[in-house]
Structures are given as C-alpha cells and as structure tokens.
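Computed from the coordinates by the stated procedures, all read-outs in this text should not be read as laboratory data. The model shown is predicted, which means the values in this text are computed figures rather than measured ones. A quick note on method: Cβ atoms are made from the backbone with ideal geometry, for glycine too, and the neighbour counts reach across all protein chains shown.
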C-alpha cells in the first residue's frame with residue numbers, strides 16, 4: 001500500500017435510505033483500504049461508519065417541494081461549506097448518494113476543482129428523462145446503478161455506468177421466526193396482523209398515517225380477528241407517532257425499529273411510497289402503496305414525471321403487481337377496500353406473494369456494496 005498521503009473522500013447523502021447505503025459502501029471501502037478518511041453530509045449511519053459529519057441530515061427530513069423551499073437557505077449554507085472544503089481539503093474523490101437537486105450542484109463544483117465524481121444510487125423517477133441524464137453525463141465521471149433497467153438509460157447517453165445489484169439484498173433479513181416476533185411484539189398468533197408503514201419523515205407520517213388509521217378502523221369493524229402494528233422508522237420519535245395513533249379507537253401496537261420483523265410477521269402492510277415498498281417486496285409481503293404529497297409538489301411532480309407507477313416494486317416488475325393509491329385516491333375507503341380484497345381473496349393474496357418473491361431475482365446478486373466499493377477504490381488508485 002502506498003502511504004504517500006491518506007486518501008480523503010467527500011461523501012454526501014441527503015436522506016435516511018441514502019445514509020444507510022452510503023454507510024455500507026464506506027465500510028466496504030475501508031475493508032479494502034483501512035486508512036481512508038471520509039467527511040461530508042449524512043446521518044447516524046454514516047457517522048457510525050466513522051465518517052466525519054459536517055452536516056447532519058436529521059435536521060432536514062423534508063419532503064415535497066413546498067416543504068423544501070423553507071429549507072433552501074439552510075441547504076445553501078451546507079452546500080457552500082462543502083464547496084469550500086473542495087478547495088481547502090482537496091479530497092481525492094467525491095461520492096454522491098441520490099439526492100439530485102443538491103448533489104448535482106456539488107458535482108458541478110467538484111468538476112470545477114478537477115476532482116473525480118462517483119454517483120452511487122441513481123436519482124430515481126426524477127432522472128429518467130433524457131435531458132436529466134445528459135446533464136448527469138457532463139458532471140459525473142462514473143455512475144453506479146442499483147436497478148437493471150437503469151443501465152441502458154445511462155449507456156445511451158454515453159455515461160460510464162455499472163450495475164451492482166441492490167444493497168438491500170444483503171440488508172433485508174429476518175433472523176427470528178414469525179411466531180417469535182409476534183410474541184416479542186405482544187401480538188396474538190391467532191389473529192391476522194396488518195402492518196402500518198407511514199414513512200420515515202414526520203411531515204410524511206402526518207399526511208399518510210391518518211387515512212391509514214381510518215382504514216384500520218373501518219376494517220376493524222368488518223373483521224373481528226385483526227391486529228395492527230406500526231414500526232417507527234429510525235430518526236422519528238416513538239412518542240410523536242404514538243400521539244397520532246391514539247386519536248383512533250383501534251389499538252395500534254407501536255414498536256421501535258424492527259421494521260423487517262414487522263413486515264415479515266404481517267399478513268399484509270399499508271405502506272408509504274419509498275424504500276419501504278422495496279423492503280416489503282423483498283420479504284414477499286403483500287401491500288397497498290400509498291402516496292401523498294402537498295398539492296403543489298404533486299402537481300409539479302406530475303408535470304415532470306412520466307412514469308406509470310410510483311411504487312418501486314411495480315416499477316421493477318414492469319407492471320402493477322401491488323395496488324397504488326396516489327394523492328386523491330389515497331382515501332381510507334380505498335385503502336380499506338384493497339385490504340378487504342387481500343383478506344377475503346386468498347388466491348389474490350397468494351399470487352401477489354409469488355409475484356413479489358420472483359421480483360428478488362431481478363435485483364441482481366447479493367454483494368452490491370462490495371462491488372460498488374471496488375469501483376470507488378479503482379477511482380482512487382488512478
């Protein structure tokens with residue numbers, strides 16, 4: 001190993017799922033090259049992986065365009081600090097994780113300083129437009145994608161791109177049995193368990209949880225053997241979520257973390273659009289996907305985005321495997337009626353289970369973080 005200078009890397013993740021995957025990437029890179037120094041923007045997971053965090057993203061957790069505007073000043077200060085650091089620290093590599101509006105600006109700054117840029121985890125729906133990909137091709141030296149259908153999109157524009165498979169394949173695992181988990185959560189084995197996954201940001205939970213709870217109430221009146229459980233996403237305070245669930249007459253068991261165990265022991269889940277839909281698909285649990293944003297964000301998004309589905313599970317399958325209720329359709333009545341169908345029509349439920357378990361094969365092989373780390377280390381040794 002060449003010890004001329006310890007290599008320094010700026011890494012930037014803007015939200016919880018990016019923070020998670022970035023932390024696995026950092027750990028994998030360190031196995032190959034323990035002396036690497038990382039600094040940048042991220043959350044508790046990157047901090048836990050030994051990254052010097054200049055800006056903690058737990059202060060941001062916003063979603064939707066109107067919510068973002070109030071944070072622009074804040075973000076701009078972070079951007080200026082990281083940009084300055086490109087000149088003062090002269091990192092050997094910049095690794096950007098998703099979060100395109102911010103990260104592509106940072107990529108432009110790195111380009112100006114002649115620092116190589118690796119983009120890990122392609123921005124989603126937002127980027128699947130040729131004009132966006134053309135923009136990325138000018139700013140990024142290498143792109144690493146998680147989904148097979150993203151490869152041709154970048155290759156067509158001449159971007160140097162690699163498909164590594166999805167890091168969740170290594171992460172989404174359940175060590176204990178359904179029975180053990182039900183017992184641990186204090187649930188009844190004889191009842192049918194329904195999971196509620198209202199998202200990972202408070203602003204999102206406040207929009208999505210109420211219709212879910214109202215649907216739970218409707219279902220509880222029609223079926224006498226249901227029980228409901230809600231795993232609180234990391235970064236959210238349990239008591240804030242409990243406060244919302246207490247407004248409904250139906251008892252909801254609220255647990256910290258253990259999201260995979262909750263999904264695994266649920267007969268089906270109601271889930272906010274996002275990473276959780278993919279995690280649920282990898283555990284082959286049937287679901288109803290719910291998507292709500294502020295009306296302004298939604299309208300802007302609708303104009304920008306030409307995608308038939310919002311749920312990752314459906315996008316990968318290339319068809320509607322699981323129902324999606326978007327914006328105005330995301331009512332308690334609609335949620336309850338989809339769930340009712342899953343509870344009453346066992347064949348429909350089973351078929352959804354099978355479609356989801358075949359989805360796993362489309363996501364490549366385990367070891368994605370390791371493969372991404374090899375690519376990043378290769379860029380350092382140049």
Suppose the chain between residue 138 and residue 225 were pulled fully straight at 0.36 nm per residue; how much longer would it get relative to their current alpha carbon spacing?
25.6 nm
Burial ordering of 176, 122, fewest other beta-carbon atoms within 10 Å first
176, 122
So for R0 = 41 Å, FRET eff. of residue 341-residue 58 from the Cβ-Cβ r, to 0.05, ends up at 0.60
Throw me the Rg/Rh for the range 178-363, computed over C-alpha atoms with Kirkwood Rh, two decimals.
0.94
On Cα atoms only, tilt of 16-32 relative to the major axis of the chain in degrees:
50 degrees
Exposure proxy check on 31, 340: fewest-to-most Cβ neighbours within 10 Å is 31, 340
Angle check, please: helix 100-112 long axis (alpha carbons) against the longest principal axis of the chain (alpha carbons), in degrees 0 to 90, nearest 10.
10 degrees
Which label marks the calculated value of Rg/Rh (Cα atoms, Kirkwood Rh), given the options [x] 1.02; [y] 0.98; [z] 0.96?
[y]
Sort 154, 348, 79 so the one with the fewest other Cβ atoms within 10 Å of its own Cβ comes first.
348, 79, 154
Degrees separating the helix 202-222 axis from the principal Cα axis of the chain, which is the longest one:
20 degrees
So how far, in whole Å, is the C-alpha centre of the range 73-92 from the one of the range 212-240?
42 Å
Given the -39500 (n - 2.57) contribution per DSSP H run of 4+ residues, what per-residue ellipticity at 222 nm results for the chain, rounded to the nearest 500 deg cm²/dmol?
-14500 deg cm²/dmol
